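This report concerns only the one structure given below.
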Amino acid sequence: MSRYWSDVVHSLTPYVPGEQPKLSKLIKLNTNENPYPPSDAVLEAMRAQAAYSLRLYPDPNSDALKTAIADYHGLITAQVFVGNGSDEVLAHVFHALLKHDEPLLFPDITYSFYPVYCGLYGIEYQTIALTEDFQISVDDYLRPNGGIIFPNPNAPTSCALPLTEIERLLQANPDSVVVIDEAYVDFGCESAVQLVNRYPQLLVTHTLSKSRSLAGLRVGYAVGHADLIEALVRVKDSFNSYPLDRFAQAGAIAAMQDEAWFQQTRQRVITTREQLVSDLQALGFEALPSAANFIFVRHPSHDGAALAQQLRERSIIVRHFKNPARISAFLRITIGTDAECNALVHALRELVTS
Ligand code: PMP
């Protein structure tokens with residue numbers, strides 16, 4: 001291999017996405033998708049695009065979508081940035097906003113894309129250990145000059161930090177960008193969006209992949225002070241990177257506006273989660289307190305990797321992380337339909353009681 005590109009190959013460690021199996025008979029509880037179809041209004045809006053407008057280019061600025069998101073959160077359009085999934089939004093956030101004089105801080109157990117973006121954009125970072133009980137301790141982030149990012153609730157632990165703690169963090173860090181990645185916030189966690197008008201250094205990212213059931217459409221967004229948003233727009237425009245296509249813009253607008261579907265579906269997922277946790281606790285599993293559409297569980301006398309493998313042999317896929325060692329006993333399980341979760345409990349009962 002040529003020395004020049006082999007340097008790139010060896011210096012970048014790409015993000016490894018969760019498996020997307022090709023067999024449809026599997027019970028797929030490994031990548032935190034929503035088990036229910038999106039709102040009918042989304043499908044209707046996309047059908048209308050197909051009929052009338054696909055010959056036309058999409059709006060490069062997604063203005064109508066930004067307005068729908070701003071209206072939903074009680075903000076103005078200039079406070080909203082949209083991208084192809086929150087992963088793309090985060091890529092622009094790292095590039096535009098997270099290179100400070102001091103290292104960027106994030107937890108040692110968190111979304112594994114963060115160190116990948118740091119590698120890509122040459123950002124120095126420092127990881128902060130979660131506490132004994134896998135929580136983020138704000139006292140470890142009270143530094144004056146480094147940017148900060150973490151998901152709330154955190155992934156893959158599922159644990160949430162109360163808004164009062166986020167506010168304490170913002171008060172202690174007036175000069176550095178604080179990014180709260182709220183990919184899973186709608187499943188029982190307080191959102192920091194209500195703080196963006198008081199803290200100009202706060203940026204909050206959201207996705208339509210989880211609580212709006214649109215992982216396949218690829219829509220995510222960030223909200224914050226208009227200056228932070230403008231920085232993101234300039235970086236994105238400098239790349240001439242892809243606008244959201246017409247389906248994505250139309251579907252996402254309809255999704256943001258169907259409040260009844262949203263409330264009903266997220267409540268359904270939360271109810272199933274509470275039942276699943278209680279069923280697994282009855283089998284001896286320990287679960288971290290979840291505010292997400294997934295749970296993080298371990299069994300005191302069964303190995304996580306072995307359980308994941310044995311479930312796979314029964315056509316049920318969950319997520320297991322070999323590293324870091326502290327979480328290798330755990331399984332991360334996406335909340336599926338009631339029937340899928342019952343099948344999981346049935347399989348685990350056989351595995352841990354036999
Ligand atoms: N943040 C976190 C914490 C996630 O787990 C995910 C999903 N893998 C994302 C962001 C990205 O989600 P999407 O690109 O589908 O919006």
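What follows is calculated from the coordinates using simple rules that are stated; it is not laboratory data. Every value quoted in this text rests on a predicted model; they were computed, and no experiment measured them. Every residue, glycine as well, gets a Cβ built from its backbone with ideal geometry; the counts of neighbours run over all protein chains shown.
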Using a Gaussian network for the chain with springs between C-alpha atoms less than 10 Å apart, which of these wobbles most: SER158, SER39, SER328? SER328
Subtracting the Cα-Cα distance from 0.36 nm times the residue separation, let me have the gained length for ASP133 to LYS322 in nm, one decimal. 66.2 nm
Compute the FRET efficiency between ARG234 and ALA51 as 1/(1 + (r/R0)^6), taking r as their Cβ-Cβ distance and R0 = 45 Å, and round to the nearest 0.05. 0.80
Give me, ordered by chain and number, the residues 5 or more places off ASN30 or on other chains with an amide H under 5 Å from its own placed amide H. THR334
Could you work out how far apart the two model spin labels at SER301 and ASP59 are, taking each label as a point 7 Å from the Cα in the direction of the beta carbon, and quote it in nm? 6.0
Among ARG273, ARG212, ARG198, residue whose mean-square fluctuation peaks in a GNM of the chain (springs only between Cα atoms under 10 Å): ARG198
Taking the DSSP beta bridges in the chain as the whole, what percent of them are antiparallel, to the nearest 5? 55
Distance between the C-alpha centers of region 33-71 and region 111-149? Whole Å please. 34
Return the FRET efficiency for the residue pair TYR242, HIS10: r is the Cβ-Cβ distance, R0 is 22 Å, and the value is rounded to the nearest 0.05. 0.15
One finds, for LEU43 and GLN267 with R0 = 25 angstrom and r their Cβ-Cβ distance, a FRET efficiency to the nearest 0.05 of 0.75
Mind checking which of GLY304, GLY74, GLY224 has the largest fluctuation in a GNM of the chain, springs on alpha carbons under 10 Å? GLY74
Total Lys pairs in the chain closer than 29 Å by alpha-carbon, pairs eight or more apart in sequence or interchain only? 13
Roughly how many debye, to the nearest 20, is the charge dipole of the chain about its Cα centre, given +1 on each Lys and Arg Cβ, -1 on each Asp and Glu Cβ, and no other charges? 1020
222 nm [θ] for the chain, helices only, -39500 (n - 2.57) per DSSP H run of 4+, per residue, to 500? -12500 deg cm²/dmol
Please work out the Cα convex hull volume for the chain and give it in Å³ per residue. 158
